[in-house]
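One structure below.
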Amino acid sequence: MNRQLCLIVLIAIIASLAMSSPCRLDAASTNEARVTRVENHVQLADSKKTARRALINDIVHEESIVRTGNGSRGEVTFSDETVVRLGAHTVFDFNHGTRGLNLGEGAVLVQAPKEANGATIHAGGVAAAVGGSTVMIEYHPGFYKFLVLEGTARTYRPGHLGDSVLVRPGQMVFGNPESALSDPVDVDIERFMKTSRFITDFPPLHSVKLILAESQKQQREKSTKALADTNLVIFGGGTQVSVTDQGEADTADHKTAALVPPHRVQTLRPNAAPALP
């Protein structure tokens, strides 16, 4: 009887290990990402700052730095299907998996599915909780832009209690990361999808249907005059707002016409769509 009991216990232990091992592997893999897109000059640097050229399917470990050069693009994908796309002149790393995404400089698009464990991105003095949403964030010393394409996200300034803004689809917050957050303004999702290299230079996002649904919602709001096109745009990087005629706004590359509720046109702070990296 004792030998039979020991055999039963041994079988139970083996079965338990077989079931628990994949879970541990999955948990570890969330702290890694895989390179899924490389265009031109994309580098990986380890904790010792030793840099090498990034290749498709390279594993990106915690605190490794992904850096893109002039005219370059990159993409990394986590095991929970969170996708981070990097624009040119961008420095990116992470710790604690998607819970600690860090944008040192440049611009990224982040698509974090609802089924994922959540994602938080830090950029200078601002941060954003972006789980279950698709967002773009651009950061350089002195300015940032944060745009939501689908889902909702919250941007905030760590260490500044109450300085937090809920950003909905088709809205953007931008300004100086060392100053209080601005109120969100509306931007044209359709134009972003047609002109942003985060979209045109990459395969379709898993969230593309959700983004298009939000774009169609904006178009319905425009048809009912709840939203209206303006001639306020941002050309290239930065946050400088330009006033231009509609024809120029329709033909220029890498910009988006802004949308604002008509009754707020005269009172809304300067606004425009983000630069499109």
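The values are calculated or read from the model by the stated rules, or taken from the named source; none is laboratory data. What you see is a predicted model; the values in this text were computed from it and never measured. Here Cβ is always computed from backbone atoms with ideal geometry, including for glycine, and neighbour counts include all displayed protein chains.
Scan region 114-132 and tell me whether some residue there is among the small types (Gly, Ala, Ser), over 13 Å from the mean Cα position of the chain (by Cα) and modelled with pLDDT under 90.
Going residue by residue through region 114-132, those that are among the small types (Gly, Ala, Ser) are 116, 118-119, 123-125, 127-129, 131-132.
Checking the rest, the ones that are also over 13 Å from the mean Cα position of the chain (by Cα) come to 116, 124-125.
Narrowing the set further to residues that are modelled with pLDDT under 90 leaves 116.
Yes: one or more hits.
Just one of the numbered conditions (1) in contact with a strand residue (DSSP E or B) (Cβ under 9 Å, 6 or more places away or on another chain); (2) part of a loop (DSSP other than H, G, I, E, B) is not true of Gly159: (1).
Criterion applied to Thr68, Thr82, Thr36, Thr134 was being surrounded by fewer than 19 Cβ atoms within 10 Å (Cβ to Cβ) and polar (S, T, N, Q), and the one residue passing it is Thr36.
Out of Thr30, Thr50, Thr90, report the one residue that is of a type in the set (Ser, Thr, Tyr), surrounded by 14 or more Cβ atoms within 10 Å (Cβ to Cβ), more than 15 Å from Val130 (Cβ to Cβ) and modelled with pLDDT under 90.
Working: Thr50 fails: surrounded by 14 or more Cβ atoms within 10 Å (Cβ to Cβ); Thr90 fails: modelled with pLDDT under 90.
Testing whether each residue is of a type in the set (Ser, Thr, Tyr), surrounded by 14 or more Cβ atoms within 10 Å (Cβ to Cβ), more than 15 Å from Val130 (Cβ to Cβ) and modelled with pLDDT under 90 leaves just Thr30.
Does region 139-149 include one or more residues that are touching a helix residue (DSSP H, G or I) at 6+ places or on another chain (Cβ under 7 Å), of a type in the set (Gly, Ala, Ser) and either at pLDDT below 95 or in a loop (DSSP other than H, G, I, E, B) (or both)?
Looking only at region 139-149, we keep the residues that are touching a helix residue (DSSP H, G or I) at 6+ places or on another chain (Cβ under 7 Å), and these are 149.
Applying the additional criterion that residues be of a type in the set (Gly, Ala, Ser) yields none.
For region 139-149, residues touching a helix residue (DSSP H, G or I) at 6+ places or on another chain (Cβ under 7 Å), of a type in the set (Gly, Ala, Ser) and either at pLDDT below 95 or in a loop (DSSP other than H, G, I, E, B) (or both): absent.
Pairs linking a residue in region 63-74 that is in a loop (DSSP other than H, G, I, E, B) to a residue that is loosely packed, with under 13 Cβ neighbours inside 10 Å and of a type in the set (Gly, Ala, Ser), with Cβ atoms under 7 Å and 6 or more positions apart or on different chains, are Glu63/Ser47. Scanning region 113-138 for residues that are assigned to a loop (DSSP other than H, G, I, E, B) and in contact (Cβ under 8 Å) with a residue 40 or more places away in the chain gives Pro113, Asn117, Gly124, Gly125.
Could you name every one of the helices (runs of 4 or more DSSP H) located completely within region 167-277 that has at least 1 residues being closer than 27 Å to Arg85 by Cα and either among the small types (Gly, Ala, Ser) or at pLDDT below 85 (or both)?
Values: elements: 189-195, 197-200, 208-223, 246-251.
Qualifying helices (runs of 4 or more DSSP H): 208-223, 246-251.
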